[in-house]
Amino acid sequence: MRLVEDQVAVITGAGSGIGRTTAKTFADQGASVVVADVDTDGGEATVDAITDDGGEATFVHADVSDSADAEGMIETAVSEFGGIDVLFNNAAIEGPVSRLDEYDNDAFEQVIDVNLKGVWYGMKYGIEAMLADDGGSIISASSIGGEVAVPQYSGYGAAKAAVSQLTKYAAIEYAEEGIRANAIAPGIVRTEMIERTIDEHPEMEAQFEETEPMPGLADPEEIANAVLFLGSDLSSRVTGVTLPVEGGYLAQ
Ligand SMILES: NC(=O)c1ccc[n+]([C@@H]2O[C@H](COP(=O)([O-])OP(=O)(O)OC[C@H]3O[C@@H](n4cnc5c(N)ncnc54)[C@H](O)[C@@H]3O)[C@@H](O)[C@H]2O)c1
């Protein structure tokens, strides 16, 4: 028996990196997946990869920071697949690498819009649909930067800390109604986001390689498997936590 057989999962930012790999993992494990992203080419490529492997997926163009788009991606799950069981609020942007006094104001607002407001909208409309059905599991992407201060990431880190806090609120407000809410806190994962940062700041590559006590960078599959655990009944008594997936970084 596959772990999320006949479940419906909405995954934001599934056109790249962790989101794409998680979408494939959920489809492999029996879920129908709504691939939501602002990047149409990336999102459609994820859908093609899933359907080529015999899985079920559909793409919806959605900017998670736009309430109508966020509502629309949840409605797509209901109209195309009959409901929603799992929501992975994964979409985010890294924002500038910059100390606070030099951090651009518009960039700060954009980071908060996508990384915090986007998760809040996802929760709001996802919970509404889950309440109308038989509950579900919400997983949101936080980061080690939301748990401890990582220099030059103040906007990103503040949004990620808020994601972990929102997760606790969602967990306790809906615990009696069959909705679980958890977050993950990855360390450094080999994705397009990290490749972009290395392209702009080549000196950071060596620093990234040495960040986690476990050697090297994480593979997206290692994060996807943690999301699968939190999205499936394997974690049926787990709610309100932020699960570190960071090679021991936060244990130091
Ligand atoms: N890569 C890492 O090292 C790392 C570490 C900790 C946490 N994370 C978190 O994991 C998540 C995934 O990161 P990734 O490394 O796969 O990033 P990525 O840049 O490879 O993928 C992010 C995806 O989100 C999409 N996206 C961006 N803004 C959007 C919006 N407004 N609406 C909808 N989609 C949007 C992008 O188009 C892209 O497809 C993020 O929340 C990130 O903060 C990543």
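The values are calculated or read from the model by the stated rules, or taken from the named source; none is laboratory data. Note that the structure is predicted; figures quoted are calculated from it, not measured. In this analysis, Cβ positions are derived from the backbone assuming ideal geometry, glycine residues included, and neighbour counts consider all displayed protein chains. Accessible surface is based on the protein model in full, side chains and every heavy atom, while ligands, DNA and RNA are left aside. Shrake-Rupley method; radii C 1.70, N 1.55, O 1.52, S 1.80 Å.
Some notes on this structure:
- Atom-type composition of the exposed protein surface of segment 49-163 places 46 percent of the accessible area on carbon and sulfur (1.4 angstrom probe).
- Rounded to the nearest 20 debye, the dipole size of the chain about its Cα centre is 880 debye, using +1 on the Cβ of Lys and Arg and -1 on the Cβ of Asp and Glu.
- Charges were assigned to the Cβ only: +1 to each Lys and Arg, -1 to each Asp and Glu. The resulting dipole of segment 53-188 about its Cα centre is roughly 560 debye.
- Of all accessible heavy-atom area on segment 164-207, the percent that carbon and sulfur account for (1.4 Å): 49 percent
- Under conditions of 25 °C and 0.890 mPa s, segment 44-137 yields 165 µm² s⁻¹ as its translational diffusion coefficient, taking Rh as the Kirkwood radius over Cα pairs in the Stokes-Einstein equation.
- Per residue, the convex hull volume that the Cα atoms of the chain enclose (Å³): 120 Å³
- As a ratio to 2.2 N^0.38 Å, the alpha-carbon radius of gyration for segment 161-200 is 1.71.
- The C-alpha atoms of segment 39-89 occupy a region whose extents along the principal axes are 32, 25, 17 Å, arranged from largest to smallest.
- For GluC sites (Glu not before Pro), the sites in segment 156-252 that DSSP calls loop and that have at most 14 other Cβ atoms within 10 Å are E203, E210.
- Average accessible surface area per residue within the chain, 1.4 Å rolling probe, Å²: 46 Å²
- Here the dipole of segment 141-250 is about 520 debye; that uses its Cα centre as origin and unit charges on the Cβ of Lys and Arg (positive) and Asp and Glu (negative).
- Pairs of lysine residues in the chain that meet both criteria, 8 or more places apart or on different chains and Cα atoms under 24 Å apart, total 5.
- The helix-based estimate of mean residue ellipticity at 222 nm for the chain, built from -39,500 (n - 2.57) per DSSP H run of four or more residues and divided by its residue count, is -13500 deg cm²/dmol to the nearest 500.
- Mean separation of Cα contacts under 8 Å, 6 or more apart, over the residue count of the chain: relative contact order %: 19 percent
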